[in-house]
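To start, the structure itself, in structure tokens.
The values are calculated or read from the model by the stated rules, or taken from the named source; none is laboratory data. Because the structure is predicted, anything quoted here is derived from the model rather than measured. When we count neighbours, we look across all protein chains shown, and the Cβ atoms used for this are built from the backbone with ideal geometry, even at glycine. These accessible areas exclude ligands, DNA and RNA; they are computed on the full protein's heavy atoms, side chains included. Shrake-Rupley method; radii C 1.70, N 1.55, O 1.52, S 1.80 Å.
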Amino acid sequence: MKRLLPLLLILPLAGFRPAPLPPPMPQDGPVRVALVDRDRGTELRSYPADGQRWVAGERGHRYAVRLYNDSPRRVLVVLSVDGVNAISGEDADPSQTGYVLNPGQRADITGWRKTQDEVAQFVFSSPSGSYASRTGRPDNVGVVGVAVFEEARRWYPRPQPILRGRAGPAPAAAEASASRIEGYSAKSQAPALGTGHGARESSSVRDTDFERATRSPAQVLQLRYDSARNLRARGILLDSPSRLDRQPQAFPNRYVPDPPAR
């Protein structure tokens, strides 16, 4: 009998999706992934090159990993940033804990989970200043990946308020070697960006049970990111920020900032 894992659940966002969106990434599964520059308030366009998808980041800018569950079922998403599990801080593996998304949900993961109520912001940094490098794991800097699992059960809870939660242990029966996310070892020769461990911010979660339908992921996606300069050196023709579609939004999904000091 499969064990049920306590996993992290993100508050549903009531189906709100700002428009227009960049063209979706090619996919063979229920989830789409994008990076969002939180300082610019834009979803970053991805570009194909070398058989992968590339995103141009800007050093010092905060970013979020945006997940879209386009399916009618709950899914579990194990998130890896620079080869590190964004919840547990372990070397990333699909058998580990992750985020559960409700049917049709969009969620922005804004940082490294620190407690039940806080994350440390994802910030584009130098490779040496990345969390992975500072913890002795620089080999996979410059890549964001997800392993997606479908649910064995056929019932789904109604949306609930944010409750506090904690990550659970990995399932004993998981075959990590068979389901490891591929491509983490593929790196540019001289990456210019990594993901730093930024300031703390509020982000509450709660536990939920999730039984994986299979031991191996139903879907694996990854996005490579680097500086605009490095992407151009690869021959990628980037759209300038002024050319990207950007429309005013009445609800840009931000909290009220502190006023300027007097």
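Given contacts defined as C-alpha pairs under 8 Å and at least six residues apart, what's the relative contact order of the range 96-140, whole-number percent? Could the numbers behind the result be given before it?
On the way: 22 pairs, mean separation 8.5, N = 45.
Relative contact order for the range 96-140 comes out at 19 percent.
What the phi angles of the range 89-94 give under the Karplus curve with 6.51, -1.76 and 1.60, with θ = phi - 60°, is a coupling list of x, 7, 4, 5, 8, x Hz, glycine and proline written as x. In this view, the solvent-accessible surface of Asp239, computed with a 1.4 Å probe and all protein chains in place, comes to about 50 Å². Residues whose amide H falls under 5 Å from that of Gly111, counting only those 5 or more places apart or on a different chain, are Phe122, with hydrogens built in the peptide plane. Placing R0 at 45 angstrom, the Cβ-Cβ distance between Arg215 and Ser128 gives a FRET efficiency of 0.80 after rounding to 0.05. Simple spin-label estimate for Arg73 and Asp139 gives 3.4 nm between the two label positions (7 Å along the Cα-to-Cβ direction from each Cα).
Around the amide H of Arg45, modelled in the peptide plane, lies no amide H under 5 Å away from a residue 5 or more places distant or on another chain.
Gain on full extension, evaluated as 0.36 nm per residue between Arg40 and Asp91 minus their Cα-Cα distance, stands at 15.3 nm. The calculated FRET efficiency for Asp117 paired with Ala190, based on their beta-carbon distance and R0 = 22 Å, is about 0.05.
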